[in-house]
Amino acid sequence: MSNKKAPLQGPITVKSAIPKNRQELLKWNGWGYKDSQFVVNEGPEVYFSGKRYLIGEVRLPHVAGWVRDTLNIDLGTQKPRKIQGLPTENQYQKPNVTKDVMEKIASLGISYSTKVIDRLLRSHGQTMHEIYKIQNSTYERIPDVVLWPTCHDDVVKIVSFAHENNIVIIAFGGGTSVSGAPECPKNETRTIISLDTSQMNRILWIDDKNLVACFECGIVGQDMERELKKFGYTTGHEPDSYEFSTLGGWVATRASGMKKNMYGNIEDLVVQLKMVTAKGVLQKNCQVPRLSCGPDFNHIVMGSEGSLGIITEVILKIRLLPKCKKYGSIVFPSFEKGFEFMREVAKRKWQPASIRLMDNEQFKFALMLKPESTYFGLVIDGIKKFYITNIKGFDPDHMCVMTLLFEGEENEVKTNEKNLYKLSKSYGGYPAGEQNGERGYMLTFVIAYIRDLGLQYDVVAESFETSVPWDRALLLVKNVKKVVAEECRQLKIKHYLINCRITQTYDAGCVIYFYLGFNHSGLGDPVTLHNRLETKARDEIVACGGSISHHHGVGKLRQKWYPATVSDVGVDLYFAAKRELDPKNIFATNNLTKSKL
């Protein structure tokens, strides 16, 4: 690519939100920041520690009651399970690497480590079963050595070295995967390198004439947006994990963000990229908005989940920061009415930056996280509740809420708001205010912390998502809940939850995001139980016409459904690309499907 385009400033070295030694700031065996977690005190009194989130350092008086009524857990009497401290060197297998190979790694001039904490941290993502196994020291295989490249050329050296010496490479970005993607295949006998991209976090240049920018793959979402904001720009890509996930991970999994209605999914944002393969660097030689030159190799890279090579640099579209940003919410008498409204909004292409609909169960779950109100706040909340449930006639056991985020020019936002609130009346909707909209939107960033609290009290919980045509969406929701309930009965699981929300809309369908959790006390291995439940749910999703994933990817957890999704010819085509780009199978992730090489 020509270097004629002058950057505004660059390369720009970005101070990363995730340090090289992740355990200094982030939990090594759970989600998110060390200083952010749900804490149970005497009473029981629950609060969320730290001040990073809206609910930080305030009492959450409804949590204990909801947990007791829904999951049969008494936070006041039941003692939390003790979580072990940092792992010791003798808890896991020693590095499977010869002295000769270690000498060659040292000669690369790239930072590396064989410490057990560094290796363990990069052996897993954030699925419930991974965190449960980490907390119980039952991992069978972890990487043998961690390498931290600092630029594209470092990655070229590592890949060339690995190819020559028949060594496996598994890429590691933010560690937020919920598909089992970073896990080491337990039967892999070769040395495994975990290639940590966290030190590749620069903005290489910004092109303000063409509104594109070039980033290294390891840049974290919140860091990217913070730095772009200084120049008046945004990518607009905001997945639920954007605090910790990286650009390279977004591309590798074909990610989607909460504001995709305005900014698009990752495939809509990528202009050009580089991927280092065992056969060389895959990239286009021109930076243009579109080209008709055979199959688009960008789409070979997007969704490859680390199985074909290492993504190193990505050119993305950027946008001017919106001048106006406003939250909103609407209460509907039922999930079905909210769904009908959402479908009509999609038909008219009136979607704001984000529009999401919670079902009744998730609505109640969100209310559980509402902080303690002042006396005045309680009075106002009481008036609103009285108006909605009495004057409007809403049933608390059926009503649901939709959260909205508007972005753009002020007049555009006002017009969008006016149109949506007026249309919602036709479906029995009632505006519920900006504060509820903002709280509902921000709930996304704290919901994963609840999983870690549950693990201390014999409760396991996990999310899973799908995309589905509009005409099959309600049936899919109904059937998945029914299948889960029946399977819980078969497994003698008495206390569980299964709820959902619609998170994204398209012309031809929508995205449904489920949350499943249950009390496994006295019922056996929770990982096995959960796998059985989710498998039943996934089978039903596929039977109802849904996808195995909309944006989480396949990884190792959803391998079972991959061949039927893409066809046998599709699997063969994937392996043809694999054989060409990675003839020795050094990118032996076993993501998507087990390698035939």
query: By how many nm would the segment from V39 to L108 lengthen if fully extended, with 0.36 nm per residue of separation less the alpha-carbon distance?
result: 20.3 nm
message: Compute the distance from the alpha-carbon center of the stretch 279-296 to that of the stretch 516-538, in whole Å.
response: 45
query: ³J(HN,Hα) across the stretch 493-507 via Karplus (A = 6.51, B = -1.76, C = 1.60, θ = phi - 60°), whole Hz, x for Gly/Pro?
result: 8, 8, 10, 8, 9, 9, 9, 7, 8, 8, 9, 9, 10, 9, 4
message: Distance between the C-alpha centers of the stretch 133-162 and the stretch 331-375? Whole Å please.
response: 42
task: Tell me the label-point distance for the pair W350, T565, using the 7 Å Cα-to-Cβ offset, in nm and rounded to one decimal.
output: 3.4
task: Find how many whole Å separate the alpha carbon centroid of the stretch 174-240 from the alpha carbon centroid of the stretch 457-478.
output: 28
- request: With a cut-off of at most 11 other beta carbons within 10 Å, and DSSP calling the residue loop, which trypsin sites (Lys or Arg not before Pro) in the stretch 430-524 qualify? Please list them.
  value: K492
message: Can you give the local net charge around L529? Use residues other than it whose beta-carbon is closer than 12 angstrom to its beta-carbon, Lys and Arg +1, Asp and Glu -1.
response: -2
message: I need the calculated FRET efficiency for the pair R59 and A508, taking r as the beta carbon distance and R₀ as 45 Å, to the nearest 0.05.
response: 0.50
statement: Simple SL model, points at 7 angstrom along Cα→Cβ for D572 and K492; separation in nm is 4.9
- prompt: With labels modelled as points extended 7 Å from the Cα through the Cβ direction, what inter-label distance (nm, one decimal) is found for K115 paired with D268?
  reply: 4.3
task: List the residues of the stretch 179-201 whose backbone N lies under 20 Å from a point placed 7 Å from the Cα of V281 along the Cα-to-Cβ direction.
output: 195-201
- line: Length gained if D74 through E336 is fully extended, taking 0.36 nm per residue and subtracting the Cα-Cα distance, is 90.9 nm
- prompt: Using only helices, what value at 222 nm comes out for the chain when you add -39,500 (n - 2.57) per DSSP H run of length 4 or more and divide by the total residues, to the nearest 500 deg cm²/dmol?
  reply: -10500 deg cm²/dmol
- prompt: Mind listing P(r) for the stretch 221-283? All alpha-carbon pairs, 5 Å bins, whole percents.
  reply: 4, 17, 25, 24, 16, 8, 5, 1
- prompt: Can you list the aspartates and glutamates whose alpha carbon sits under 18 Å from that of K425, skipping same-chain ones fewer than 8 residues off?
  reply: E336, E340, E344, D395, E417, E434
- request: Note down the relative contact order for the stretch 216-320 as a percent, whole number, built from C-alpha pairs under 8 angstrom at least six residues apart.
  value: 34
field: Net charge of Cβ neighbours under 9 Å - reference K51; Lys, Arg +1; Asp, Glu -1
entry: -1
query: Do the alpha carbons of any pairs in K157/K260; K27/K556; K364/K478 sit beyond 30 Å of each other, and which pairs?
result: K157/K260
- prompt: Once you sort the root eigenvalues of the Cα gyration tensor of the stretch 140-235 as a ≥ b ≥ c, which label holds: rounded (a/c under 1.5), prolate (a/b larger than b/c) or oblate (the other case)?
  reply: prolate
- request: Return P(r) of the stretch 324-543 (all Cα-Cα pairs; 5 Å bins starting at 0; whole %; ordered from short to long distances).
  value: 1, 6, 14, 17, 18, 16, 13, 8, 5, 2, 0, 0
message: Regarding the stretch 216-320, what's the average projected area of the Cα-atom convex hull, expressed in nm²?
response: 6.7
task: At a Cα cut-off below 17 Å, give the aspartates and glutamates reachable from K99, other chains included and same-chain residues fewer than 8 away excluded.
output: D144, E164
- line: Taking Rh as the Kirkwood radius computed over alpha-carbon pairs of the chain and applying Stokes-Einstein at 10 °C with viscosity 1.306 mPa s, one gets a diffusion coefficient in µm² s⁻¹ of 63
- request: May I ask you to compute the full-extension gain from S160 to S426, defined as 0.36 nm times their residue separation minus their alpha-carbon distance, rounded to one decimal in nm?
  value: 89.5 nm
field: Sites matching GluC sites (Glu not before Pro) across the stretch 3-102 that sit in DSSP coil, with at most 14 neighbouring C-beta atoms within 10 Å
entry: E42, E57, E89
- line: Note on the chain: contact order normalised by length, alpha-carbon pairs under 8 Å, 6 or more apart, percent, works out to 16
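Bear in mind these aren't lab numbers, they're just calculated from the coordinates by the rules spelled out. All values reported here derive from a predicted model rather than from experimental measurement. A quick note on method: Cβ atoms are made from the backbone with ideal geometry, for glycine too, and the neighbour counts reach across all protein chains shown.
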